[in-house]
Amino acid sequence: MLLNRKGNKHRRPSKAVRVATLAGVAGAAVAVPLMGATNASAASVATWDAVAQCESGGNWSINTGNGYYGGLQFSQSSWAAAGGTQYAPRADLATKAQQIATAEKLLDMQGPGAWACAGAGNLTNDGVDPGVDTGSGAAKQEAAPKQEAAPKKAERTEAPATNRSDRSDAPKKTVTTPTGKNVAKGDGEYKVVAGDTLSKIAADHHVKGGWERLFKLNKDIVQDADLIYPGQQLHLTK
């Protein structure tokens, strides 16, 4: 039973406490004899905050799976024995105020020695009522916190239409050669295909003046009469 003087503290001492005790450091948190429930015990919220800071880093909802729960690291048996289950199944599911209220009862039952960090928090039966409000006693839900509604998006304003020549899908004005070079594409009526030459095109389309005339008609895009590229568009007449 928790009232047994030899017995069951609500959690085992932390490693930090054991090291401090072995080293004999003055003011270290050492276990003190359990106290009988002869007088009502109480400690201030500031004191419980200090104990929680040592026990759990001040995380009142912590559950690391080591068998100890909440800011004051209650074991499940101590939580139940001190009446914590009226608030929540485990300490980490209860509010800070509910954990402190339960800790007050455990302090009355076992004294400061029930916490390995009693010394670090300077926990004593100082008789200061923490005055916490435990609320309705309903357990907290193990669910993600409610999220605030996203702000309403502003009305979308359509941008003015752009000229086709400014759009990304406007016709390209160059073609890429097999070597990766970009050359002028042109806007003539004949599209060069693989295997074409100016002579062949002039002959196939009966261009008066032959390849020389074809070369002059397209001198703005054809730099060398021996080099034309698939995709270029040549003028066959003026």
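The values are calculated or read from the model by the stated rules, or taken from the named source; none is laboratory data. As the structure is a prediction and not an experimental result, all values here were calculated from the model. Note that each Cβ is placed from the backbone with ideal geometry, even for glycine, and that neighbours are counted across all protein chains shown. To get the accessible areas, we keep the full protein, side chains included, count just its heavy atoms, and leave off ligands, DNA and RNA. Shrake-Rupley method; radii C 1.70, N 1.55, O 1.52, S 1.80 Å.
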Margin query: Can you tell me how many residues within region 181-219 are open to solvent by 50 Å² or more (accessible area, probe 1.4 Å), part of a loop (DSSP other than H, G, I, E, B) and without any contact (Cβ under 8 Å) to a residue 40 or more places away in the chain?
Written below: 10
Note to self: Criterion first (polar (S, T, N, Q) and open to solvent by 40 Å² or more (accessible area, probe 1.4 Å)) does GLN86 satisfy it?
What the structure shows: yes
Next item on the list: Working only within region 81-95, note down all residues that are outside any loop (DSSP other than H, G, I, E, B), without any contact (Cβ under 8 Å) to a residue 40 or more places away in the chain and either of a type outside the set (Asp, Glu) or in contact with a Pro (Cβ under 9 Å, 6 or more places away or on another chain) (or both).
Entry: GLY84, THR85, ALA91
Notebook entry, point to check: Does LYS146 satisfy the condition of being among the basic types (Lys, Arg), under 47 Å from the mean Cα position of the chain (by Cα) and either at pLDDT below 60 or more than 30 Å from ALA97 (Cα to Cα) (or both)?
Noted result: yes
Note to self: Could you list, ordered by first residue, the pairs with Cβ atoms under 7 Å in which the first is in region 106-124 and farther than 11 Å from ALA50 by Cβ and the second is part of a helix (DSSP H, G or I) and open to solvent by 10 Å² or more (accessible area, probe 1.4 Å), at least 6 apart or interchain?
What the structure shows: ALA116/VAL17; THR124/PRO112
Notebook entry, point to check: Take the residues of region 46-83 that are open to solvent by 30 Å² or more (accessible area, probe 1.4 Å) and β-branched (Val, Ile, Thr): which is nearest to GLN99 (Cα to Cα)?
Noted result: ILE62
Next item on the list: Mind telling me which of the residues ALA28, ALA88, ALA43, ALA23 ends up being modelled with pLDDT under 85 and within 25 Å of THR134 (Cβ to Cβ)?
Entry: ALA43
